[in-house]
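Here's the structure, in structure tokens; my notes come after.
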Amino acid sequence: MTASQRTDWIASSGAPLHGELEIPGDKSISHRAVMLAALADGTSHIDGFLEGADTRATATILARMGVRIEAPSPSQRIVHGVGVGGLRAPDGVLDCGNAGTGMRLLAGLLAAQPFDSVLAGDASLSRRPMGRVIEPLSRMGARIDAEDNGLPPLRIHGGRPLHGIDFESPVASAQVKSAVLLAGLQARGGTSVREPHPTRDYTERMLSAFGVDIEFSPGFARLRGGQRLRATDIAVPADFSSAAFFIVAATLVPGSVLRLRAVGLNPRRTGLLAALRAMGADIVEERHDSHGGEPIADLLVRHAPLHGIAVPEVLVADMIDEFPILAIAAACAQGTTIVSGAAELRVKESDRIAAMAAGLRALGGRVEERPDGVLIEGSALHGGSIESLGDHRIAMAFAVAGQLAEEEVTIVDVANVATSFPGFDALARQSGFGLRAA
């Protein structure tokens, strides 16, 4: 991307955050909803589908394999399922864009198909490891070729019958678990996955909603192959990871009172809430409900002073996507915050440990980077220029930091925010942020 094509932001102290916000739909659930609806028998309706680049890429891939998907209005999809085994061979490479979730889950879905396929992505996705998915799928009988070190593109050779496995995953990754389960759905026999630490169970809950007989508990899932999916209607809750930026901003900016509507509160996703509350945050859950097996609630957030903590490692797997915004909270808290057991952050859209450490130092923060985490001492932040490294969560995290900094913060290369949170800047300004295009 050239400098003339690049989009930058300038974040600066704004007003206290007020109002009621509707956060876009959950990205992880949107990916899974459109995939499973495509494999189902019958027509499914999806409300709250995230209109982001990542999720649209997944829908486009499915459409290229013969699935008719209608979009009667924004955030709605009508998916005419083709049934398990009903996908058609695509014409050309399938572009996942920036979607690591899309690529890894599609690898599991496509491993059992009778045709060859190639999954590719943008420059950022092409640096993300796929060996962790290739290895268990290969054990099931799949043949998937990749670049050196297991990097995309993935060349999936079709026509290879799969068999179920009992897989003990060496990494706590919902994407790896989901890829194995989607392959297992199309394999002979049973497939089970055990994890070293429980991860989000979106796939398990949604498979059940589509009529699949699946057994699951924290850290474990098992299903038998050969089952059909029944079309169903899915209401996608607001994305907790997207809401997290506003939760932290309202907590940090004096005078703020902000309500976030119908946020998904999957217990394997909300480690940040527990960490922030331990730091002193004032976050109240109201209007509890459930959509498609997923718990939701309104979140009422009021400004509260924070203090540093040693984040319990048991929470880390449940807040891996929220580390960038937790780092901003820690930098603005009194005392020291320590995060350990987060080595997975090294292989996200960027090395998020290194990126957040470098960004906070550029603003005057005191940070000690560690192999599997970070130590952050709360301090005043001054202005400066931050490299987002094309990582949407880094960009949005430093937009929040700019609300607390003494001078303006320039955030370089924010175009990828559209992958997960289109319209973030407009919604941020509506709530009280000081944020504008550079």
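General remarks:
- Label reach from residue 213 (point 7 Å along Cα→C-beta): in the range 162-202, amide nitrogens under 17 Å belong to 164, 184-192.
- Fewest-first ranking of 197, 31, using other Cβ atoms within 10 Å as the exposure measure: 197, 31
- Distance between the 7 Å Cα→Cβ label points at residue 377 and residue 343: 2.8 nm.
- Counting only DSSP beta bridges with both residues in the range 115-212, the antiparallel share comes to about 60 percent.
- Estimated inter-spin distance, residue 91 and residue 274, nm [label 7 Å along Cα→Cβ]: 5.1 nm
- Residues of the range 385-402 with amide N under 18 Å of a point placed 7 Å along Cα→Cβ from residue 354: 386-395
- Put in line by how crowded their Cβ is, counting other Cβ atoms within 10 Å and starting with the fewest, 240, 167 read 167, 240.
- Gain on full stretching of the segment that runs from residue 116 to residue 230 - 0.36 nm per residue minus C-alpha separation: 38.4 nm
- Legend: ranking of residues 332, 96 from fewest to most surrounding C-beta atoms inside 10 Å; resulting order 332, 96.
- Lys, Arg +1 and Asp, Glu -1 on Cβ, resulting dipole of the chain about Cα centre, debye, nearest 20: 980 debye
- Fraction of antiparallel bridges per DSSP, the chain only, in percent to nearest 5: 75 percent
- Cα gyration tensor shape for the range 27-235, rounded if a/c is under 1.5, else prolate or oblate: rounded
Rule-based calculations on the coordinates, nothing more; no lab input. Model, not experiment: these values are computed from the prediction. Positions of Cβ are backbone-derived with ideal geometry, glycine not excepted, and every protein chain shown enters the neighbour counts.
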